[in-house]
Amino acid sequence: MPGRVAGKVAFITGAARGQGRSHAIRLAEEGADIIAVDVCQDIPGVPYPGATEADLAQTAKAVEALDRRIVTAQADVRDYAGLKAALDDGVAQLGRLDIVSANAGIGTSPHLAAEMAEDTWRDMIDINLTGVWHTAKAAIPHLRAAHGGALILTSSAAGLMAYPNIAHYVSAKHGVVGLMRTLALELAPDMIRVNSIHPTQVDTPMIQNEATYRLFRPDLDHPTRADFEPASQQMNALPIPWVDPVDISNAVLFLASDEARYITGVALPVDAGCLIK
Amino acid sequence: MTGRVQGKVAFITGAARGQGRSHAIRLAEEGADIIAVDICRDYPTVGYGLATEADLAQTVKDVEALDRRIIAAQADVRDAAALKRVVDDAVAQLGHLDIVCANAGICTVQAWDEVTPDVWRDTLDTNLTGVWNTMVAAAPHLIAAGGGSIICTSSTAGIKGLPFLAPYVAAKHGVVGIARTMANELAQHKIRVNTVHPTGVNTPMVEGLGGLDPLINRDPNLGPIFMNTLPVQSVEARDISNAVLFLASDEAQYVTGLEFTVDAGNTIR
């Protein structure tokens, strides 16, 4: 049985670990070749370590173990020229582009909007919003050349609902929805579909760190994963604290596949119902 | 390779033809057994012919050709007691229930001042109360199964105020309300509730509509409301079934409370 995205090529940002690596593996399992980029460095002010070159190499290994091709590159979504060069090179090697997962993003420590440092605000918007635009901008010519495709932008439950203490994150992720809707209108004549995904907490390094624990448990000095768990579950309607990266990947896969050929402009929550509570 | 809903049982209303039959086939292709109901009778208020017993028999044949079991019954979603009897009996035979497609619906076209009390009542009774009756009949079985997925068929008319379809729009908006409430109430049982919102689907119901163009000609400003963003006039029943399959499968195990448009971008214009 051919895979659900057999013969397609997918470009994934933030692909060294977490959701990005999971998307690469899930799409490869269903027959796609992968162009994987990641900045592979720490971001100053971000309260957990960034992915590493070893992480990106591990993604490559995992995809190759599925007998799919993968081209990897270190690239920063803030650097349009560098990102474009990496993608153009990947497409030159793999022949085409059909699927884009604009996934790269950073988390944050809690800051009140009124007291947030300029750098904290700017880095967030540059990576989580402008980085998504750069990704789309670099990819659109290739999708047009393929006569269609699917752009999947990773937003967040915080892209549809506000949460205190993370104004920059909420603003960037809401901005992704506006970008998604505009791109869906502009690219429809080319049969390029654009949708966004809105996860609740996902069990990855971006969430599983003390800064997030403190955001959810300001009552404790050194909250742990176990302290975070009930607070996180309280957000969701379904009785679970968080979802796994593969749950997001399954939604990406569906939107990327031809089964969703007429689905565009959708903000798809994979959120255990946190938005309807 | 096992199917994406292997071993599950799906209850589908309005299953004799159109989207309902397509859902039955798509879910059966991926390993589900089917409980299929349809009224198989015309409505005096609906200007096109509804499905027949022969149509329902064809759905049975199609599912059986895929080597899946199917139990079919004539039932009216407006009759809560009858619906419950059918579901209880079929679940007793097939063993459990995991997936519900509240799909049965009717649609008529008319300007607001041409909506008769009978049209209003039949549309609301079928498209809104019928969805409620379907959920109420099915939910106890999903709770008994330790979880499940309910997919309610709404419409772009469940999101936008499409002109000349007032009772249909009211019912389809109402479906979203029921789905959101039930998503909250049933979450503790690991039951997910989502809605799908098709644009025009190439089925007998939409073919049967007609009559829209003369109404739009009275006020051409209203024409673009019906247009899609992607360069397609309508979608196929199977496109909706693929979304239903995703929501029904464990791949969507944490997706609930979603209004899932399969609308070629109709609602973002």
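Between the helical axis of A:18-29 and the longest alpha-carbon principal axis of chain A there is an angle of about 30 degrees.
Taking Cα atoms only, the orientation of helix B:80-94 departs from the longest principal axis of chain B by about 40 degrees. To the nearest 10 degrees, how steeply does helix B:130-144 sit against the main Cα axis of chain B, on a 0 to 90 scale? Roughly 20 degrees, rounded to the nearest 10. Dividing the summed helix terms, -39500 (n - 2.57) for each DSSP H run of n ≥ 4, by the number of residues in chain A produces a 222 nm estimate of -13000 deg cm²/dmol to the nearest 500.
Counts of other chain beta carbons within 10 angstrom of each beta carbon in peptide B:259-267 average 6. Peptide A:183-196 shows a mean partner chain C-beta count of 3 within 10 Å per residue C-beta. Each stretch of four or more DSSP H residues adds -39500 (n - 2.57); spread over every residue of chain B, this sum gives -12500 deg cm²/dmol at 222 nm. Here the spin labels are modelled as points 7 Å beyond Cα on the Cα-Cβ line, and at A:Ala226 and A:Ala114 they lie 3.8 nm apart. Averaged over the residues of peptide A:252-262, the number of Cβ atoms from other protein chains lying within 10 Å of each residue's Cβ is 5. Please list, or write none, the lysines whose alpha carbon is within less than 20 Å of the alpha carbon of B:Lys84, excluding same-chain residues fewer than 8 places away. Within the straight-line cut-off, B:Lys84 pairs with B:Lys8.
Each label point was placed 7 Å from the Cα along the Cα-to-Cβ direction; for B:Gln233 and B:Tyr48 their separation is 1.3 nm.
Among B:205-217, B:92-104, B:115-127, the peptide with the highest mean count of other Cβ atoms within 10 Å heads the list, and the full ranking is B:92-104, B:115-127, B:205-217. Only one residue of B:Ala92, B:Asn194, B:Leu66 has its Cα farthest out toward the positive end of the dipole of chain B, where Lys and Arg carry +1 and Asp and Glu -1 on Cβ, and that residue is B:Asn194.
Peptide packing: for A:241-249, B:232-240, the average count of neighbouring Cβ atoms within 10 Å per residue gives the ranking A:241-249, B:232-240, highest mean first. Packing around the peptides B:193-199, A:177-183, B:140-146, taken as the average count of other Cβ atoms within 10 Å per residue, puts them in this order, highest first: B:193-199, A:177-183, B:140-146.
Placing R0 at 30 angstrom, the Cβ-Cβ distance between A:Glu64 and B:Asp250 gives a FRET efficiency of 0.65 after rounding to 0.05. Considering only B:Gly18, B:Gly47, B:Gly31, the mean-square fluctuation computed in a Gaussian network model of chain B, springs between alpha carbons under 10 angstrom, is largest for B:Gly47.
For B:Asp219 and A:Arg144, what does the FRET efficiency come to when R0 = 41 Å and r is the distance between their Cβ atoms, rounded to the nearest 0.05? My answer for the efficiency is 0.65.
Computed from the coordinates by the stated procedures, all read-outs in this text should not be read as laboratory data. Since the model is a prediction, treat every value here as computed from it, not as a measurement. Here Cβ is always computed from backbone atoms with ideal geometry, including for glycine, and neighbour counts include all displayed protein chains.
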